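A quick write-up on the structure given underneath.
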Amino acid sequence: MRLKNLPSEFQEALPVLEKIKSAGYEAYFVGGSVRDALLNRPIHDVDIATSSYPQETKRIFERTVDIGIEHGTVLVLENGGEYEVTTFRTEDVYVDYRRPKSVSFVRSLEEDLKRRDFTVNAFALAEDAQIVDLFDGFSDLENQVLRAVGRADERFSEDALRIMRGLRFAASLNFTIETSTFAAMKIYAPLLEKISVERSFIEFDKLLTAPYWKKGLEALIQAKACDYLPDLQGKADKLATLLTDYADDFVFATSEQAWAALCLALKIKNCKAFLKKWKTSSHFQKMVTQLVAIYDHRLTAVHDKQTLYRYSKPLAELAENLRQAQGLTVDFDLIAQLDASLLIHHKKEIVVNGGDLMAQLGLRPGPALGQVLNQIEAAIVQGELANEREAILAFAESKIE
Ligand code: ATP
Ligand code: MG
């Protein structure tokens, strides 16, 4: 089959293919970009596979960066674009279920496509728009089926991350996982314990924030993959409440929101500790924890100026959004009104600081100073005190007395 129109992302990258070819090697576009082009989805990175070895690739182009020579990948800078050019390779020896012991570079496209994870990820696109489809990926695309390349059991036992990738693709593409592929996912799910937490997080996070996240999550639960992911052991039932509690067409707006919903569904007491097990950043942990706190607050109260100031409008809206998806009452107008009425949105906007109070009122550093500053902040947030120097100093003086 031939692509009718070569999308502009490929057109721009064509000179790279042509240069490799005129040096006497083979080169193709491969991976997710070809799949996405066939599905008329937006294309992100255009990856190139070639029969040239890394050192040969480097000799073809003026500007290259070694970003993964040992895996065969050279970054080529050409025409204002950046392209990962990777030598055809096979990965035959797996030692730790995570990464191949050694990659062998090969000159054959077929060998390279064979080691790819799913049939819809194993297309190659030539410069004349002809598509190489060795594993019947076209019919799988047509039928919206996710099928492992070759024997699913072998593929997942070689690299268990493929299980998470598969669940993620089901969620992002709205594909059904083919029966024997799914059966193998189930069998090899215990190997997920050997996968680095960071990589599992990336896939699980992509799954949760995908448009068809319920499809992916349901498959993840059925495959019992959760029993081998950080802090999810034995929590399938609680995890499944996400499927019933949220509207079917609801899509998480951010990762933070998705993980907050996850913490809520699992009734996690200490979100920070949970997210630490998933090796997330402390900023991420803080945002999710705050979202859960706002959500919990809203179970028994409505927002006021103080809570809105403390949590900020964007987080309050994300929490409200979770309520909406669960069919609970919401009040977005109140959030907007309260936010508009706030005289300050952050402590640092207060025109008087601790230094001013010490200089003007003779206060010394210590708890008393901190207390006065807190009272000033609360009064401004409440709208009882103007954010003006004279007014604040007078207010502070009255509090000291
Ligand atoms: P995305 O749209 O998320 O980038 P993608 O399919 O491009 O999806 P990448 O992680 O960018 O995924 O990988 C590019 C290609 O490399 C895949 O399409 C697949 O052919 C191959 N690939 C990536 N990871 C694996 C893996 N663990 N096992 C086998 N093949 C893989
Ligand atoms: Mg990609």
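Multiplying the residue separation of ASP304 and SER22 by 0.36 nm and removing their Cα-Cα distance gives an extension gain of 94.7 nm. Note on LYS279: lysines with a C-alpha under 17 Å away, same-chain residues under 8 apart excluded, are LYS194, LYS206.
Using every pair of distinct Cα positions in the chain, the Kirkwood expression returns a hydrodynamic radius of 24.8 angstrom. By a 1.4 Å probe calculation restricted to protein chains, MET1 has an accessible surface near 110 Å², given to the nearest 10.
Extension gain for the segment HIS283 to THR254, taken as residue separation times 0.36 nm less the Cα-Cα distance, is 9.0 nm to one decimal. Taking Cβ atoms as reference points and 15 Å as the exclusive limit, the residues near ILE392 contribute a net charge of -3, counting Lys and Arg as +1 and Asp and Glu as -1. Each listed q (0.23, 0.35 Å⁻¹) maps to a log10 I(q)/I(0) for the stretch 198-237, found by the Debye formula over equal Cα scatterers with no solvent: -0.75, -1.20. Given all pairs of different Cα atoms, what value in angstroms does the Kirkwood hydrodynamic radius of the stretch 262-354 take? Every distinct Cα pair counted, the radius reaches 14.4 Å. Express the Stokes-Einstein translational diffusion coefficient of the stretch 1-140 in µm² s⁻¹, to the nearest whole number, given a Kirkwood radius over alpha-carbon pairs, 10 °C and a viscosity of 1.306 mPa s. Translational diffusion coefficient: 104 µm²/s.
Beyond 27 Å between alpha-carbons counts as too far, so tell me which of LYS214/LYS269; LYS238/LYS272; LYS235/LYS286; LYS114/LYS238 fall in that bin.
Flagged as over cut-off: LYS114/LYS238.
Restriction of the trypsin sites (Lys or Arg not before Pro) in the stretch 151-209 to DSSP coil positions whose beta-carbon has at most 13 other beta-carbons within 10 angstrom yields ARG151. Per residue, the Cα convex hull of the stretch 347-398 amounts to 68 Å³.
Spin-label model, LYS4 to ARG107: label points 7 Å out along the Cα-to-beta-carbon direction sit 3.9 nm apart. Shown for the stretch 144-245 is the translational diffusion coefficient from the Stokes-Einstein equation, using the Kirkwood radius over Cα pairs, a temperature of 20 °C and a viscosity of 1.002 mPa s: 163 µm²/s. Based on alpha carbons, the Rg and Dmax found for the stretch 207-263 are 10.7, 28 Å.
The values are calculated or read from the model by the stated rules, or taken from the named source; none is laboratory data. Quantities reported herein were computed from a predicted structural model and do not represent experimental measurements. Virtual Cβ from ideal backbone geometry, glycine too; neighbours counted across all protein chains shown. Side chains are part of the model used for accessible areas, which takes the heavy atoms of the whole protein and leaves out ligands, DNA and RNA. Shrake-Rupley method; radii C 1.70, N 1.55, O 1.52, S 1.80 Å.
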